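Note sheet for the following structure.
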Amino acid sequence: MKIHLEIPRNFYNALRVVSAKNDVRPYLNGILLDFKKRRWVATDGHRALIIPMNTEVCAWQLAAKDMPESLIITTTRQKISGDKCEIYLEKHNEKWTIVVCNMRNANLLWQEIVKLVEGKFPDIDRVTPKWPKHDPESIPFAAYNPQYVADVAKELENVKAARVMPIGDEASNSALVEFSGISRSELTYIVMPIRWPR
């Protein structure tokens, strides 16, 4: 069984930044390939990034009967510098081989074999708020780590502004982040508020 996925360079690099670094829970150090819901997901427990898969590229593959619901892969050691990231997954004798390719103008710059990560990925849907139909009239006071917004905006490239929108009426609620030049359908970025000691 073979699977071929593509994702723009900036989106892959943003997922790479959001995933945890050296967490004792190894599954947080990777990226979830959610084939059932056709999306990429990364989280470090304080923020989460969800990006839809390019279904034009992988729809027929995802319909295969023996397709897994999801896989967790380690991130690459290097950032993607080409135009896009291509990932090739092949299953042979019940084992998966995953190769991440850094592509520019259809030319291979480098490739890296990544590993599968054991464990159960967090239920992102449980903590994902919905975009309000209208901007909330009252926004509760809550503090969010500005670095969480800045480092993802940097990887997304050409983002001139970002808006943090707390969802709900309590300061403990998560917030959705909207980036200029990127539509809400292209990604969902969630940040949790800073928890102050009592």
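Within the range 76-94, residues that are closer than 28 Å to residue 155 by Cβ and assigned by TED's automatic domain parsing to the domain that holds residue 114 sit with their Cβ atoms under 6 Å from residues that are acidic (Asp, Glu) and at pLDDT 95 or above, at 6+ positions apart or across chains, in these pairs: 76/112.
Has the range 20-39 got at least one residue that is at pLDDT below 90, more than 19 Å from residue 100 (Cα to Cα), charged (D, E, K, R) and in contact with a Leu (Cβ under 9 Å, 6 or more places away or on another chain)? Checked against the condition, which is being at pLDDT below 90, more than 19 Å from residue 100 (Cα to Cα), charged (D, E, K, R) and in contact with a Leu (Cβ under 9 Å, 6 or more places away or on another chain), the range 20-39 yields at least one hit. For beta carbons closer than 9 Å, sequence separation of 6+ or different chains, a first residue in the range 1-26 that is without any contact (Cβ under 8 Å) to a residue 40 or more places away in the chain and surrounded by 18 or more Cβ atoms within 10 Å (Cβ to Cβ) and a second that is aliphatic (A, V, I, L, M) and in a helix (DSSP H, G or I), the qualifying pairs are 20/28.
Within the set 122, 129, the sole residue that is closer than 20 Å to residue 32 by Cβ, in a loop (DSSP other than H, G, I, E, B) and either at pLDDT 85 or above or among the acidic types (Asp, Glu) (or both) turns out to be 122. Taking the condition modelled with pLDDT under 90, in a loop (DSSP other than H, G, I, E, B) and surrounded by 11 or more Cβ atoms within 10 Å (Cβ to Cβ), does residue 158 pass? Against the criterion (modelled with pLDDT under 90, in a loop (DSSP other than H, G, I, E, B) and surrounded by 11 or more Cβ atoms within 10 Å (Cβ to Cβ)), residue 158 does not qualify. Cβ-Cβ distance below 7 Å, separation of 6 or more or different chains: which pairs start in the range 40-67 with a residue that is in the same structural domain as residue 183 (by TED's automatic domain parsing) and end on one that is modelled with pLDDT under 95 and among the hydrophobic types (A, V, I, L, M, F, W, C)? From the range 40-67, no pairs qualify.
The values are calculated or read from the model by the stated rules, or taken from the named source; none is laboratory data. Predicted model only: the values in this text are computed from it and were never measured. Virtual Cβ from ideal backbone geometry, glycine too; neighbours counted across all protein chains shown.
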